[in-house]
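Have a look at the structure below before the remarks.
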């Protein structure tokens, strides 16, 4: 009996097991995911009672499908991916939007003298991009591709950019332009958001069913992520060092430069009052209307069902 009472006492005083969850990224460790890794490095997930594994992704990682199928409880997608998925009947919901201004851009050489993104489409040349994606359809409808030869995206490889004067490529404005400068070619970069297509990017999502049945845990991971991003934006050095061990292809100087470049795309006047990760119904409605106009989805879906407020 004394042994039984002792065992009960140990069980009552032992710490509760942390909920084990996976957060699936859609690309490899880089500053665009800095806040998610900071929450791990600084113990913010653990402080919320969560044991979170952040899984790196890569080109073609089917994050939205993985979340919708229940293979992972959380993932990172773009807002247009989420709308398309929901239009196809997949149960995915946005929880936190890192980038308020989409970092997707078009990078050319500064020597070409372009003043705005429209100029890229007025002169003969080559544009490397993933044709068929919503932003590519938007650019084609607005500017036309008549003068350009569209070739597949090099996914960060600057070989053709280095050797061809009339070559432009899709990029993240926080990544490839920094690499171009390092090889001595001054880039000129244009945000696609400036053309009028600006979906939230690096969006934390889950399944609607998971949200309903694990509401407390969802609130905890969002709280940890928000704290992680606040810390990373203020001082990224510690997390950059951690990510560099996971992804040594980027040097310390580039990690810092990328973190600096993305700050104004993440923290805006709106997030200073509404909080990091902010999402609005109007932004979701506008995106849905654009995707219908582009015939990416057949008809509008319920914008309010696409997201929940980080607050």
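Counting other C-beta atoms within 10 Å, which of 287, 281 has the fewest, and how do the rest follow?
Details: 287 22, 281 12.
Ranking 287, 281 by Cβ neighbours within 10 Å, fewest first, gives 281, 287.
If you average 1/r over every pair of different alpha-carbon atoms in the chain and take one over that average, what Kirkwood value in Å do you get?
Values: mean 1/r = 0.0483 Å⁻¹.
For the chain, the Kirkwood estimate is 20.7 Å.
Could you line up 174, 38 from fewest to most neighbouring Cβ atoms inside 10 Å? Please list the in-between numbers first.
On the way: 174 24, 38 27.
Ranked by crowding around the Cβ, least crowded first: 174, 38.
Once you have the Cα-Cα distance between residue 215 and residue 122, take 0.36 nm times their residue separation minus that, and quote the gain in nm to one decimal.
28.4 nm
If each residue's Cβ is checked for other Cβ atoms within 10 Å, how do 306, 171 rank with the fewest at the top? Could you put the intermediate results ahead of the total?
Values: 306 25, 171 29.
Final ranking by Cβ density, sparse to dense: 306, 171.
With both partners inside the chain, how many of the DSSP beta bridges are antiparallel, as a percent to the nearest 5?
If we restrict to bridges inside the chain, about 55 percent are antiparallel.
Ranked highest first by the average count of other Cβ atoms within 10 Å around their residues, in what order do 247-253, 92-98 fall? All intermediate terms of the calculation are to be shown ahead of the outcome.
Numbers: 247-253: 12.1, 92-98: 23.9.
Per-residue mean Cβ counts within 10 Å order the peptides as 92-98, 247-253.
What fraction of the DSSP beta bridges in the stretch 104-195 is antiparallel, stated in percent and rounded to the nearest 5?
Numbers: 9 of 16 bridges.
Percent antiparallel among DSSP bridges in the stretch 104-195 is about 55.
Against the longest alpha carbon principal axis of the chain, how many degrees, from 0 to 90 and to the nearest 10, is the axis of helix 215-234 turned?
50
Using alpha carbons only, how many degrees (0 to 90, rounded to 10) separate the axis of helix 237-246 from the longest principal axis of the chain?
Between the helix axis and the principal axis of the chain, the angle is about 80 degrees.
Over the stretch 104-195, calculate the relative contact order: mean separation of alpha carbon pairs under 8 Å at least 6 apart, over the residue count, as a percent.
Numbers: 149 pairs, mean separation 44.5, N = 92.
Over the stretch 104-195, the number comes to 48 percent.
Can you give the angle from 0 to 90° between the axis of helix 252-266 and the longest principal axis of the chain, with both taken from C-alpha atoms, to the nearest 10?
Its long axis makes an angle of about 90 degrees.
Please give the contour-minus-distance gain from residue 163 to residue 246: 0.36 nm per residue of separation, less the Cα-Cα distance, rounded to one decimal in nm.
Working: separation 83, 0.36 × 83 = 29.88 nm, distance 3.03 nm.
Computed gain between residue 163 and residue 246 is 26.8 nm.
Each reported figure results from applying straightforward, stated rules to the coordinates on display, with no laboratory input. Since we're looking at a predicted model, the values are computed, not measured. Please note: Cβ atoms are built from the backbone with ideal geometry, for glycine as well, and neighbour counts cover all protein chains shown.
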